[in-house]
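The values are calculated or read from the model by the stated rules, or taken from the named source; none is laboratory data. Please read these numbers as outputs of a predicted model, since none were measured by experiment. Cβ placement follows ideal geometry from the backbone for every residue including glycine, while neighbour counts extend to all protein chains displayed.
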Amino acid sequence: MMDVDPGVVRACQRGEPGALDALIRATYTDVYNLALRLVRDREEAADVTQEVFVRVLRSVAGFRGESSFATWLHRVTVNTALTSMRRRARRPMLGRVPVGAPGESGYDTIADPDPGPEERAERAELLTRAQAAVAALPESSRTIVLLRDVEGLSTAEVATLTGLSETAVKVRLFRARERLRASLSDDTVTRLPRRARRGSA
Amino acid sequence: MSRWSENADRSGAAKRLAASPPGTCATVRPDLPGLDGHELSTGRAAEVRAHVADCSDCAAAAAGHRAVRRTLAELGSTSVAPPDGLLPALLAAAAAPSARATAAVYGRGVVSGTRPGVAAASAGVGAFAAAGLGMLAWRALRSRRALAAESA
């Protein structure tokens, strides 16, 4: 998901002026969006993003490059968001409209730059429906689906991050996917954008 | 059981497996969602694929799961614009001296000597501070001695 120039990371480690700003500018939108998908609240996602960058500032000097910086940043973001969700679970969520709730609009920019208007509309509708279907899952299953199927982490990574066994992750994934297929499958199969159907063929 | 009959049994089982569709819908369905996500062992994935090839219901279910997974993956590449105040807040936090000091590795070269300029500057500051402290201590000691002499 995130694309981070290793040169910028090295510049941050050397303390070069402007390097931290460049790193933040290059990654903060992705960090915010990942956090938003997990916590489903814009204010909380902004808080998570700030917390993530506090951790980044604290740790970037010691980053040894064993994994890519993007992978590390992804993991820090997921961890911070999960911690925030656990904190929130212990207190009531007053006056906040979760993203994906009825009436709350979907995502406004989509990866493929030039689909036709009809395709774009179909896909936007499908993604909004998918977003709503994911939002309707129980929180424990939703987090697992987001980490595994939306963010593309392995089952083992999801198990580590959520503190569940791999078997428990697989069981919840199965139930959640069945539910998603039931609510999306008709439209998903028959109304997938033509380009995606061609791509999968 | 002799080796011959063992082999005969194995080949019979293989023939039976080849003749009937592998698994039943009930045993295959739980594995359909993971079929395209490298979640099944190679052997199990082959069994499930073989069943799906022969069973139109499971083929439809597998196609549904595949489409849902594709849509979910696409959801991960969508993006909303962060709130306006977020970037300035992040940049301000990064500009704070404490944050910069933590992020940069200036401290590392002081001990290792890989950054001689920083090491020399740190040594200078340290020596100055030590001299200042020594001076203060000496003055305190001197005034205490003077007081003691006066009272004697």
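Can you tell me which residues in the stretch B:35-48 are assigned to a helix (DSSP H, G or I) and surrounded by 15 or more Cβ atoms within 10 Å (Cβ to Cβ)?
So in the stretch B:35-48, the residues assigned to a helix (DSSP H, G or I) come out as B:42-48.
Hits for the stretch B:35-48 are B:Arg44, B:Ala45, B:Glu47, B:Val48.
Suppose we filter the stretch A:116-150 for residues that are assigned to a helix (DSSP H, G or I), more than 12 Å from chain B (Cβ to nearest Cβ) and closer than 23 Å to A:Thr77 by Cα; how many remain? Full working, then the answer.
Residues of the stretch A:116-150 that are assigned to a helix (DSSP H, G or I), as a first pass: A:117-135, A:139-150.
Cutting the leftovers down to more than 12 Å from chain B (Cβ to nearest Cβ) gives us A:117-121, A:139-141, A:143.
Within this subset, residues satisfying the condition of being closer than 23 Å to A:Thr77 by Cα are A:139-141, A:143.
Qualifying residue count for the region: 4.
Scan the stretch B:26-34 and tell me whether some residue there is at the interface with chain A (Cβ under 7 Å from one of its Cβ atoms) and surrounded by 16 or more Cβ atoms within 10 Å (Cβ to Cβ).
We begin by selecting, within the stretch B:26-34, every residue at the interface with chain A (Cβ under 7 Å from one of its Cβ atoms); these are B:30, B:33.
After this cut, where a residue has to be surrounded by 16 or more Cβ atoms within 10 Å (Cβ to Cβ) as well, the list is B:33.
Yes, that holds for at least one residue.
Go through the stretch B:58-92 residue by residue and tally those that are part of a loop (DSSP other than H, G, I, E, B) and in contact with a helix residue (DSSP H, G or I) (Cβ under 7 Å, 6 or more places away or on another chain). Before you say what the answer is, go through the steps one by one.
Initially, the stretch B:58-92 is screened for residues part of a loop (DSSP other than H, G, I, E, B), giving B:76-78, B:80-85.
Subset that is in contact with a helix residue (DSSP H, G or I) (Cβ under 7 Å, 6 or more places away or on another chain): B:76, B:78, B:80, B:82-83.
The number of residues fulfilling the criteria is 5.
For B:Ala89, indicate whether it is at pLDDT 75 or above, more than 7 Å from chain A (Cβ to nearest Cβ) and within 28 Å of the chain's Cα centre (by Cα).
Working: at pLDDT 75 or above: yes; more than 7 Å from chain A (Cβ to nearest Cβ): no; within 28 Å of the chain's Cα centre (by Cα): yes.
Considered against the rule, which asks whether it is at pLDDT 75 or above, more than 7 Å from chain A (Cβ to nearest Cβ) and within 28 Å of the chain's Cα centre (by Cα), B:Ala89 comes out as no.
In the stretch A:151-183, which residues are outside any helix (DSSP H, G or I), closer than 18 Å to A:Glu139 by Cβ and not acidic (Asp, Glu)?
So in the stretch A:151-183, the residues outside any helix (DSSP H, G or I) come out as A:151-154, A:163-165.
Okay, now just the ones that are also closer than 18 Å to A:Glu139 by Cβ, so A:151, A:153, A:163-164.
If the condition is that a residue be outside any helix (DSSP H, G or I), closer than 18 Å to A:Glu139 by Cβ and not acidic (Asp, Glu), then A:Leu153, A:Gly163, A:Leu164 are the ones that fit.
In the stretch A:5-19, what residues are within 12 Å of chain B (Cβ to nearest Cβ) and either exposed (fewer than 13 other Cβ atoms within 10 Å of the Cβ) or of a type in the set (Lys, Arg) (or both)?
Of everything in the stretch A:5-19, those that are within 12 Å of chain B (Cβ to nearest Cβ) and either exposed (fewer than 13 other Cβ atoms within 10 Å of the Cβ) or of a type in the set (Lys, Arg) (or both) turn out to be A:Arg10, A:Arg14, A:Pro17, A:Gly18.
Looking at the stretch B:36-62, I want the residues that are away from chain A (no Cβ under 14 Å) and have a partner that is in a loop (DSSP other than H, G, I, E, B) and among the hydrophobic types (A, V, I, L, M, F, W, C) with Cβ atoms under 8 Å, at least 6 apart or on another chain. Which pairs are those?
Between residues of the stretch B:36-62 that are away from chain A (no Cβ under 14 Å) and residues that are in a loop (DSSP other than H, G, I, E, B) and among the hydrophobic types (A, V, I, L, M, F, W, C), the close pairs are B:Ala45/B:Leu35; B:Arg49/B:Leu35; B:Val52/B:Leu32; B:Val52/B:Leu35.
Sort through A:Thr77, A:Thr83 and tell me the only one that's among the β-branched types (Val, Ile, Thr), assigned to a helix (DSSP H, G or I) and either modelled with pLDDT under 90 or out of contact with any helix residue (DSSP H, G or I) (no Cβ under 7 Å at 6 or more places or on another chain) (or both). Can you show your working first?
On the way: A:Thr77 fails: either modelled with pLDDT under 90 or out of contact with any helix residue (DSSP H, G or I) (no Cβ under 7 Å at 6 or more places or on another chain) (or both).
The conditions single out A:Thr83.
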